[in-house]
Amino acid sequence: MGVKIAVFGATGAVGKEMLTILAERLFPADEVHALASRKSMGVELSYGDRTLRCKNAETFDFSSVDLVLMSAGGDVSKEWAPKITKAGAIVVDNSSAWRMDPDVPLVVPEVNLDALDGVGKKRIVANPNCSTIQLVVALKPIHDRVGIKRVNCATYQSVSGGGQAAMDELWTQTKGIYVNDPIEPQTFTKQIAFNVIPHIDVFMEDGSTKEEWKMMVETKKILDTKIKLFATCARVPVFVGHSIAAHLELEAPMSSGEARDLLRESPGLMVIDKREDEGYITPVECVGEFATFVSRVREDPTVENGLALWIVSDNLRKGAALNAVQIAEGLLNKGLLGKAG
Ligand code: 2RA
């Protein structure tokens, strides 16, 4: 018996990717519903070679589905996820609303799939932040092999992390600069085209941003509370694909060769690491791919047992929609979906 599934927030960049990936991975759905706000009713969306017409989430009967993949923002999720689970469905939510709730598993299937066994408490599973997901996929095999004491990382995050509007703004600004049009009024506080903005999400008391805080607390919840992590997260003029320069301090030595071999055989990872022109991954090459890519694997001689990695992934796919669909696959394989769930 197939699963009845709804994508809530289907007209957004991540929602559209969720529909695409459900079809690409042949997720065994009997029914797939595209849901969004009333104003999007009737909007046509692709689901593989089929076209779905968007339905109004406010009037949708959530008792008719087994699973809802949500990417509609934190406020909408806080309001709707409890209503949806009360109607009987499981929610996989891409917002930050539930990630640190102790009764909500925060899951990256390659890292902590068994955390899904805790879905029964609230019947909500949280999808981690995009930059956290790609980081922990790469950290997991190294942590399991030798242990990681500390991670210091810098991120170079594409504008699609800010949604379709941010992508549109980069396009407009870039055109404007090329054709000497006046720069459009900024949705962002600073022009992103041909610039780098060291600010994602809001500033916190200690001077870090909430994006940097998310990477620290989510890595601890998903992988190991003992790992110390410090991040600097920047927005860069790239449409899709987040990059991370990660500098690790390990509990024991690991050569760059050992690290490359280990990462090559680890789930969800692809190593592209030749010490020559174009022997590494860049955001442009990761777009549309499922894998998290690792390049520039180096020993860092400035710290004891230091190891440096360059980690790149499509933030709309593994960083959001793919991870959510993989969680759905995990729920199905564990017998937690449908009438069994
Ligand atoms: C960003 N990680 O990149 C945040 C939210 N997707 O903007």
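The values are calculated or read from the model by the stated rules, or taken from the named source; none is laboratory data. Model, not experiment: these values are computed from the prediction. For neighbour counting, all protein chains shown are included, and Cβ atoms are generated from backbone atoms with ideal geometry for every residue, glycine included. Protein only, heavy atoms only, side chains kept; ligands, DNA and RNA dropped before computing areas. Shrake-Rupley method; radii C 1.70, N 1.55, O 1.52, S 1.80 Å.
Lys and Arg at +1, Asp and Glu at -1: add these up for the other residues within a Cβ distance under 10 Å of Ile200 and post the number. Let's see the in-between values first.
Numbers: positive: Lys210, Lys214, Arg235; negative: Asp201, Glu211, Glu212.
Its environment carries a net charge of 0.
Which of Lys86/Lys122; Lys4/Lys39; Lys4/Lys318; Lys16/Lys39; Lys122/Lys220 have a Cα-Cα distance over 19 Å? Don't skip to the end; give the middle numbers.
Working: Lys86/Lys122 9 Å; Lys4/Lys39 24 Å; Lys4/Lys318 23 Å; Lys16/Lys39 17 Å; Lys122/Lys220 21 Å.
Too far apart for the 19 Å limit: Lys4/Lys39; Lys4/Lys318; Lys122/Lys220.
Local charge sum around Lys210 (other residues, Cβ-Cβ under 14 Å, Lys/Arg +1, Asp/Glu -1)?
Values: positive: Arg99, Lys214, Arg235; negative: Asp201, Glu205, Asp206, Glu211, Glu212, Glu218.
Taking every Cβ under 14 Å from that of Lys210, the sum is -3.
Report, as a whole number in µm² per second, the diffusion coefficient that Stokes-Einstein gives for the chain at 25 °C and 0.890 mPa s using the Kirkwood radius over alpha carbon pairs. List each step's numbers first, then the result.
Numbers: Rh = 20.7 Å.
In µm²/s, the coefficient is 119.
Determine the gain in length on full extension of the stretch Ser63-Asp49; use 0.36 nm per residue of separation and subtract their C-alpha separation, reporting nm with one decimal.
2.4 nm
May I ask you to give the solvent-accessible area per residue for the chain, in square angstrom, as obtained with a 1.4 angstrom probe?
Ligands and nucleic acids excluded, the result is 45 Å² per residue.
For Lys221, list the aspartates and glutamates whose Cα falls under 16 Å from its own Cα; do not include residues on the same chain fewer than 8 positions away.
Partners within reach: Asp101, Asp103, Glu110, Asp114, Asp117, Asp144, Glu211, Glu212.
Stick to Cα atoms and the Kirkwood definition of Rh, then tell me Rg/Rh for the range 131-315.
Working: Rg = 17.3 Å, Rh = 17.3 Å.
Here the Rg-to-Rh quotient is 1.00.
So who's got an amide H within less than 5 Å of the one on Val68, skipping anything under 5 residues away but keeping other chains? H placed 1.01 Å off N, in plane.
Hits under the 5 Å cutoff: Ala6, Ile90, Val91, Val92.
Sequence-distant or interchain residues sharing an amide H contact under 5 Å with Met270, placed H: which?
Correct list: Thr292, Phe293, Val294.
Which whole-Hz couplings ³J(HN,Hα) result when phi for each residue of the range 322-328 is put into the Karplus expression 6.51 cos²θ - 1.76 cosθ + 1.60, θ = phi - 60°, listed in order with x for Gly and Pro?
Calculated HN-Hα couplings, in order: 5, 4, 5, 5, 5, 5, 4 Hz.
Return the distance in nm (one decimal) between the two label points of a simple spin-label model at Arg150 and Asp277, each offset 7 Å from Cα along Cα→Cβ.
3.9
What does the highest-first list of 224-237, 241-254 look like by mean Cβ count within 10 Å? Walk me through the intermediate numbers first.
Values: 224-237: 17.4, 241-254: 20.4.
The densest-packed peptide leads the list: 241-254, 224-237.
Where the centroid of each part is defined by its Cα atoms, how far is the range 155-169 from the range 1-44 in Å?
Value for the Cα centre distance between the two parts: 22 Å.
Based on the Cβ-Cβ distance from Glu31 to Ala165, what FRET efficiency comes out when R0 is 25 Å, to the nearest 0.05? Walk me through the numbers on the way to the answer.
On the way: r = 30 Å, r/R0 = 1.22.
Efficiency at R0 = 25 Å is approximately 0.25.
Take the Cα atoms of the range 248-341, find their three principal axes, and give me the spread along each one in whole Å, biggest first.
Here the Cα extents, ordered largest to smallest, are 55, 33, 19 Å.
When DSSP beta bridges are limited to those with both residues in the range 131-315, what percentage is antiparallel, rounded to the nearest 5?
Working: 25 of 36 bridges.
If I count the DSSP bridges inside the range 131-315, around 70 percent turn out antiparallel.
Given the C-alpha centroids of the range 89-131 and the range 301-337, what is the distance between them in whole angstrom?
Comparing the Cα centres of the range 89-131 and the range 301-337, I get a distance of 13 Å.
Packing-wise, with mean Cβ within 10 Å as the measure, how do 287-293, 164-170 rank, highest first? Mind showing how you got there, number by number?
On the way: 287-293: 20.4, 164-170: 16.9.
Output ranking for 287-293, 164-170: 287-293, 164-170.
Quick check: at a probe of 1.4 Å, how many percent of the accessible area of the chain sits on carbon and sulfur atoms? Numbers along the way, then the final one.
On the way: 7950 of 15230 Å².
Percent of accessible area from carbon and sulfur atoms in the chain: 52.
Given points 7 Å out from each Cα along the Cα-Cβ axis, report the Asp103 to Thr225 separation in nanometres with one decimal.
1.9
Near Lys190, which lysines are there with a Cα under 26 Å away, not counting those fewer than 8 places off in the same chain?
Within reach: Lys175, Lys210, Lys214.
Once both labels are modelled 7 Å past Cα along the beta-carbon direction, what's the Lys83-Ala252 spacing in nm?
5.3
Check which residues have an amide H placed less than 5 Å from Cys153's amide H, if you skip close sequence neighbours.
The list, which skips near neighbours in sequence, is Phe230, Ala231, Thr232, His247.
Calculate one ³J(HN,Hα) per residue across the range 153-168 by plugging θ = phi - 60° into the Karplus curve 6.51 cos²θ - 1.76 cosθ + 1.60, and present them in order as whole Hz with x for glycine and proline.
Coupling constants for the range 153-168: 9, 10, 10, 10, 9, 6, 6, 5, x, x, x, 4, 4, 5, 5, 4 Hz.
Can you work out ³J(HN,Hα) from phi for every residue in the range 111-117, in order, using Karplus 6.51 cos²θ - 1.76 cosθ + 1.60 and θ = phi - 60°, giving whole Hz and x for Gly and Pro?
Each residue of the range 111-117 in turn: 10, 9, 4, 5, 4, 5, 4 Hz.
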